[in-house]
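One structure coming up, written as structure tokens, with questions to follow.
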Amino acid sequence: MESPSRHQDSSSAPATSRGVARPAALRWLVLGSVLSGILLIGLPLRMIIDRDGTMAAIQRDQPGLDGQAPGIVFALVIAYTAVLHAIAVALLVWFTIKVLRGRGWARIALTVYLVAASILGLNSAGKGIDFLLVVIGANLVHLIMLGLLWLLPSVRAFFAEHRAARLVRR
């Protein structure tokens, strides 16, 4: 009988399609992805609900737009933000699913995504206190997710075992 994987904890960790036990720590990664997704979806919704606040932020950022059709500017900003955030949510979901399956490329891609999202989020931080609080919260979640991906021995072993299993099949 095989001995249990060295990174399996006392909770029954589900096995992936390769039979390698998924560490319980990756459940926290899923929670981080859900929280990040909620923040990504929530921002465009908040901008729509608080139209006056959004327009004030736009006018502060682009003072030359004062006399131009505010309805069109508002619609374009919302469309841009909604599309950008929808793409970000889709990538976040896809990368997270692939990470849970032990794909090393997805671990790297999710890392790049989290770093880029944190850096790009800083642009929103200067738009007002509400945006700043969301950026701080999102960046904290991203930092925890990065730690889960790279610092825990159980997660590192999970990816190493998946990589070894793929190399054996080649």
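In deg cm²/dmol, rounded to 500, what helix-only [θ] at 222 nm does the chain give when every DSSP H run of at least 4 residues adds -39500 (n - 2.57) and the total is split over its residues?
-26000 deg cm²/dmol
Which values, in whole Å and largest first, are the semi-axes of the equivalent ellipsoid of segment 25-169 obtained as the square root of 5 times each eigenvalue of the Cα gyration tensor?
Each semi-axis is the square root of five times an eigenvalue, giving 37, 14, 11 Å.
In debye, nearest 20: dipole of the chain around its Cα centre with unit charges on the Cβ of K, R (+) and D, E (-)?
Charge dipole, the chain, about its Cα centre: 1060 debye, nearest 20.
Please check: in the Gaussian network model of the chain (C-alpha springs, under 10 Å), which one of 43, 133, 110 has the largest mean-square fluctuation.
It is 133.
On to the next question. Under the definition of Cα pairs under 8 Å and six or more residues apart, what whole-number percent is the relative contact order of segment 45-140?
Dividing the mean separation by the residue count of segment 45-140 yields 18 percent.
Could you tell me which of 57, 77, 116 has its Cα farthest along the dipole of segment 52-170 towards the positive end, charges placed at Cβ (Lys, Arg +1; Asp, Glu -1), taken about the Cα centre?
It is 116.
Could you tell me the relative contact order of the chain? Use alpha-carbon pairs under 8 Å, at least six residues apart, and round to a whole percent.
Once normalised by length, the contact order is 32 percent.
Read-outs throughout are calculated quantities, based only on the coordinates presented, and are distinct from any laboratory measurement. Owing to the predicted nature of the structure, the values given are computational and were not obtained by experimental measurement. Methodologically, a virtual Cβ is constructed for each residue, glycine included, from the backbone with ideal geometry; neighbour enumeration extends over all protein chains shown.
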